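Take a look at the structure below.
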Amino acid sequence: MKRSLLACLLALALPAVAAETKDGWTPLFDGKTLDGWKANENPEVFKVEDGAIVVNGPRAHLFYDGPVGDHNFKNFEFRAEVKTMPKANSGLYFHTQFQPDGWPSKGYEVQVNNTHSDPKKTAGLYGIKDNFTAPAKDGEWFTLYIKVEGKKITTKVNDETVVEYSENDNTTRSKEFGGRVLSSGTFAIQGHDPESKAYFRKIEVKLLP
């Protein structure tokens, strides 16, 4: 009897953690806490305010470590609402894995930067296929979309395609970007420097075959 009650309670609790929406999208962020996420070297960089993850401070990365997809994604669609403040420099990694410090050595980085001095702007694949024209404005929410299917990567901002990139089977990288090859892994939000402030909310994923 006790086991049956426990099973019922777990069944009621699990959908609240990662409930799939009717169109197949599943939230990775509950809008209230950082449950399911794991920060590395400077965890104070990340906090939750008004339904968004606020990123502000020295270098740090916040890795998704929750139950959806066992935090190991291969083919997927990803979307989040993002807002940058002046001079913000951030990013969204995919196919990455937790590491205790430093810039992630595994996975691609999708740039988040509209007015920082770095010429590589939002939705470019950093160091691989960069975008040099800001597709959004500071202080305004925009939707960042990423799709990975097979060897193809697509990024969009507000439904406008920014990058389409296909990785060759024999792709090789310089030492600096050696880990930026398609494989599988989790997502990570980047904290870049103390002058950078960015917001992320409504973070969702759709698993693809």
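Observations
- Residues in segment 162-172 that are modelled with pLDDT under 95 and open to solvent by 60 Å² or more (accessible area, probe 1.4 Å): 4 in all.
- Qualifying position, being touching a helix residue (DSSP H, G or I) at 6+ places or on another chain (Cβ under 7 Å), in contact (Cβ under 8 Å) with a residue 40 or more places away in the chain and not acidic (D, E), among G127, G178, G139, G150: G127
- Taken as a whole, the structure leaves V205 outside the set of residues that are β-branched (V, I, T), surrounded by fewer than 21 Cβ atoms within 10 Å (Cβ to Cβ) and under 27 Å from F46 (Cβ atoms).
- Only listed residue being part of a loop (DSSP other than H, G, I, E, B), more than 21 Å from V45 (Cβ to Cβ) and open to solvent by 50 Å² or more (accessible area, probe 1.4 Å), chosen from P119, P100, P86: P119
- Complete set of residues in segment 29-74 that are under 18 Å from G185 (Cβ atoms), assigned to a strand (DSSP E or B) and open to solvent by 70 Å² or more (accessible area, probe 1.4 Å): K38
- Beta carbons closer than 7 Å, at least 6 apart along the sequence or on distinct chains, pair a first residue in segment 46-71 that is more than 20 Å from H192 (Cα to Cα) with a second that is charged (D, E, K, R) for G51/R201; D65/K38; H71/D65.
- Condition met for N114 (surrounded by 15 or more Cβ atoms within 10 Å (Cβ to Cβ), on the phi < 0 side of the Ramachandran plot, polar (S, T, N, Q) and in a loop (DSSP other than H, G, I, E, B)): yes
- Considering the conditions (1) surrounded by 15 or more Cβ atoms within 10 Å (Cβ to Cβ); (2) under 14 Å from E204 (Cα atoms), G24 is excluded by exactly one of them, (1).
- Residues of segment 188-198 include none that is at pLDDT below 95 and either more than 26 Å from K83 (Cβ to Cβ) or hydrophobic (A, V, I, L, M, F, W, C) (or both).
- Here E176 meets the list (1) open to solvent by 10 Å² or more (accessible area, probe 1.4 Å); (2) not in a helix (DSSP H, G or I) almost entirely, failing just condition (2).
- Test for E140: is it open to solvent by 30 Å² or more (accessible area, probe 1.4 Å), part of a strand (DSSP E or B), at pLDDT 95 or above and within 19 Å of K202 (Cα to Cα): no
The values are calculated or read from the model by the stated rules, or taken from the named source; none is laboratory data. Remember, predicted model here, so these are calculated numbers, not experimental data. Note that we place each Cβ from the backbone using ideal geometry, even for glycine, and neighbour counts take in every protein chain shown. Surface accessibility is based on the protein's heavy atoms, side chains included, excluding ligands, DNA and RNA. Shrake-Rupley method; radii C 1.70, N 1.55, O 1.52, S 1.80 Å.
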